[in-house]
Structure formats: structure tokens, C-alpha cells
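Report on the structure given below.
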Amino acid sequence: MILFGLFLLVLSSLLGVYMYALFYKSRYRISDSLSFTVTLAAGQITSFVIAITLYLVFPIDFTVICTVNLWIGIVIGTQFSSVTRKQSLLAGFFNGGVAAVMGTMVGAVTIDPTLCGLPESTLTLQNTGIAVGIFGLLLLCATTLLVRFSLIKH
Amino acid sequence: MSAWIWGLLIFQFLLAAVTYRFLYRRRKLIGFHLGMNIAMVAGGGMALGTGVLLIYEFPFYYMEVTVIAALTGMLVGSLFGGMFDNQTLLTGYISGLMTGMMAPMIGAAASYSIPFAIMMELFVLCSFMMLFRATKSSRKT
């Protein structure tokens, strides 16, 4: 489980770096509103998936993991939003942090569904964790493809 | 425990009121993009703080707390966005609605720990401070 989680973490970080490189390379020839949209989409989905995977790897204490994830999400959102202009820095900061907190919450509910008053899952812990991790990775791949399409087409 | 919760709640509403007065005086200087960001941050931050703090105080009233947090987010987002434009009003409205729906779930998953609430308020405070800084350094083109 830990090995699988670390593998997912490396893969999602590589996808995020690829998106950042693509965005950085075409920063002079895109308009303001497209850069705002790409900032929101890429920053939110990358911090969301990394937060889910980090909670699945280290399910010890919600508060500590949530703090760490919050700062990681803030750094990712700020990095994405400081590519083009400083005006969307505020949106990147806030939305990266909120997406990281929501990803941690999704991970916590996956591990223990009785937190939100839901019934116990019929699957075992390993199966649920692997399914949610693969779902997050697919989501990140789809978003990367969409961002690449919109940046190259433009 | 209860004093912390009500103190943080009053603190965040005072922060929003001070920010609203500050922005209302210079709303003519703020452009379209910055207005959109301001509406999103104000609505989302107030909904997040209200939902997390109120589910700590009333753990058995999940539905009522969700409704109150969503209404707070919608109201604050519409107020902050309505200073500038129609589209910024819509952005603040929908951002406050979504975050208000999510916030009590986060508070319930955090198992009612006070340090988490203090850190959340710190995050909202940092966002509002960045908002002040962005407003001061902006010139409408």
C-alpha cells in the first residue's frame, strides 16, 4: 500500500511538473482569461490529487496531515499563478489551499466512512485505497490532456 | 472550548466588515480581474470559517449548519462582488455556495479539534491580507 502510494505520488508530481512546463513555455502568447482558467484548473486538480495520496500513505492524524497538505497546496497554487501575471496570485493561493483541504477530507472519508455518518464499506481498506488513488490519477490525466489541448490549440 | 469558537467567529466577521469598508472607498480603482478574485476569496473564506466553526459548536444539527454556512457564503460573496459588476456578483455567489456546502463536512472529518480551526482562521487571515496588498498595489488600466 505504501509503495503503491509513493508510486502514485511520483506520477502525479511528474504530471504537475509537465503541466507547469507547458504553461511556462506558452506564457507570452496566451490571453489573460485563458491564463486565469488554466491557473485555476491546474492548481486545484494537482493539489487535490496530491492531498488524497498523501493522506492514503500516512493516515495517522487528521490535523497534522491537513496542515502539511494545506501548505503544499498553497505552494502549488502560488507557483501556477505566478507564471504570467501577479494579478491572479490571490486566486491561486486561496483555491490551492481549499482544494488541498478537500482532498484530505476525501482521503479521510475513504479510510473511515463512519466519520460522516455513512455505513461501513463492504470492501477492504486496501481495495478502497487503490480504487480512490487510481481514480485521482485518471482525473489528473484527463485534466492534463485538456490543458495541453487548450494551450496548444490556442 | 466554546469561547474559542465564538471568539474566532466574531473575529472573522469583523475582518470581513473592515475589508468591506476598505474596499468600498476605493472600488473605482479596482479592475475586472481583481474584482473576480476578491469576490471568490471573500465568499469562499467566510463560508469555510463559518461552516467549520458552527459544526464544532452544534455537532448534532448538520443540515441546519450546512444551510447557514451556504447562506453566509452566498450573501458575503454577493456583497463583495456586487461592488464591481454583474459577473463578479455571480462568481462570488457560486463560490460561496460551493464552499459552504463543503465546509461542515470538513469540520466533521477533523474530529472537532481546536488547533485545526485556528489554522483555518490563519489561512483566511492570510488570504485577506493578500487581498489588502493586491488592492493597494493595483492600478486600473
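Please work out if B:PHE128 is modelled with pLDDT of 90 or more, of a type outside the set (Lys, Arg) and within 22 Å of A:THR78 (Cβ to Cβ).
Details: modelled with pLDDT of 90 or more: yes; of a type outside the set (Lys, Arg): yes; within 22 Å of A:THR78 (Cβ to Cβ): yes.
Yes; evaluated as a whole, the condition is true for this residue.
Of all the numbered requirements in (1) of a type in the set (S, T, N, Q); (2) surrounded by fewer than 19 Cβ atoms within 10 Å (Cβ to Cβ); (3) more than 20 Å from B:LEU15 (Cβ to Cβ), B:THR91 misses one, and that requirement is (2). The residues on offer are B:LEU125, B:LEU48, B:LEU89, and the sole one that is away from every other protein chain (no Cβ under 13 Å), part of a helix (DSSP H, G or I) and touching a helix residue (DSSP H, G or I) at 6+ places or on another chain (Cβ under 8 Å) is B:LEU89. Among the residues making up region B:103-122, those that are part of a helix (DSSP H, G or I) and surrounded by fewer than 20 Cβ atoms within 10 Å (Cβ to Cβ) are B:ILE114, B:PRO115, B:ILE118, B:MET119, B:LEU122.
What are the pairs with Cβ atoms under 7 angstrom where one residue, in region A:1-17, is under 15 Å from A:ASN127 (Cα atoms) and the other, located anywhere, is modelled with pLDDT under 85 and open to solvent by 90 Å² or more (accessible area, probe 1.4 Å)? Sequence gap at least six, or different chains. Taking only residues 6 or more apart or on different chains, the pairs are A:MET1/A:GLN126.
In region A:81-91, which residues are open to solvent by less than 10 Å² (accessible area, probe 1.4 Å) and either modelled with pLDDT of 90 or more or more than 9 Å from chain B (Cβ to nearest Cβ) (or both)? I'd like the intermediate steps shown before the answer.
Our first condition is that a residue be open to solvent by less than 10 Å² (accessible area, probe 1.4 Å); within region A:81-91, this holds for A:81, A:90-91.
Selection gives A:SER81 alone.
If the condition is being touching a residue at least 24 places away in the same chain (Cβ under 8 Å) and not in a helix (DSSP H, G or I), then region B:51-80 contributes only B:PRO59.
Taking the criterion of being open to solvent by 60 Å² or more (accessible area, probe 1.4 Å), at negative phi, modelled with pLDDT of 90 or more and assigned to a helix (DSSP H, G or I), would at least one residue in region B:1-10 satisfy it? Yes: one or more hits.
Taken as a whole, the structure leaves B:ARG25 outside the set of residues that are out of contact with any Cys (no Cβ under 7 Å at 6 or more places or on another chain), at the interface with chain A (Cβ under 10 Å from one of its Cβ atoms) and open to solvent by 80 Å² or more (accessible area, probe 1.4 Å).
Restricting region A:50-69 to residues that are more than 14 Å from every other protein chain (Cβ to nearest Cβ) and β-branched (Val, Ile, Thr), which is surrounded by the fewest Cβ atoms within 10 Å (Cβ to Cβ)?
Of region A:50-69, the ones more than 14 Å from every other protein chain (Cβ to nearest Cβ) are A:50, A:53-54, A:56-58.
From what's left, β-branched (Val, Ile, Thr): A:50, A:53, A:57.
On the way: A:ILE50: 24, A:THR53: 27, A:VAL57: 19.
Across region A:50-69, the extreme among qualifying residues is A:VAL57.
Criterion applied to A:VAL132, A:VAL101 was being at pLDDT below 90, out of contact with any Lys or Arg (no Cβ under 6 Å at 6 or more places or on another chain) and open to solvent by less than 50 Å² (accessible area, probe 1.4 Å), and the one residue passing it is A:VAL132. Could you say whether any residue in region B:66-79 is more than 20 Å from B:LEU8 (Cα to Cα) and at the interface with chain A (Cβ under 10 Å from one of its Cβ atoms)? The answer is no; no qualifying residue exists. Could you check region A:30-49 and list, in sequence order, the residues that are of a type in the set (A, V, I, L, M, F, W, C) and either open to solvent by 20 Å² or more (accessible area, probe 1.4 Å) or without any contact (Cβ under 8 Å) to a residue 24 or more places away in the chain (or both)? Listed by number, the residues that qualify are A:ILE30, A:LEU34, A:PHE36, A:LEU40, A:ALA41, A:ILE45, A:PHE48. Of the set (1) open to solvent by 20 Å² or more (accessible area, probe 1.4 Å); (2) at pLDDT 90 or above; (3) among the hydroxyl-bearing types (Ser, Thr, Tyr); (4) under 30 Å from A:ARG85 (Cβ atoms), all apply to B:THR141 but (2).
Open to solvent by less than 10 Å² (accessible area, probe 1.4 Å), within 11 Å of chain A (Cβ to nearest Cβ) and in a helix (DSSP H, G or I), is that true of B:ILE38?
On the way: open to solvent by less than 10 Å² (accessible area, probe 1.4 Å): yes; within 11 Å of chain A (Cβ to nearest Cβ): yes; in a helix (DSSP H, G or I): yes.
When the stated conditions are applied, B:ILE38 passes them.
The values are calculated or read from the model by the stated rules, or taken from the named source; none is laboratory data. Since this is a predicted model, take the numbers as computed values, not measurements. FYI the Cβ positions are ideal-geometry reconstructions off the backbone, even for glycines, and counts take in every protein chain you see. SASA here: full protein model, heavy atoms, side chains in, ligands and nucleic acids out. Shrake-Rupley method; radii C 1.70, N 1.55, O 1.52, S 1.80 Å.
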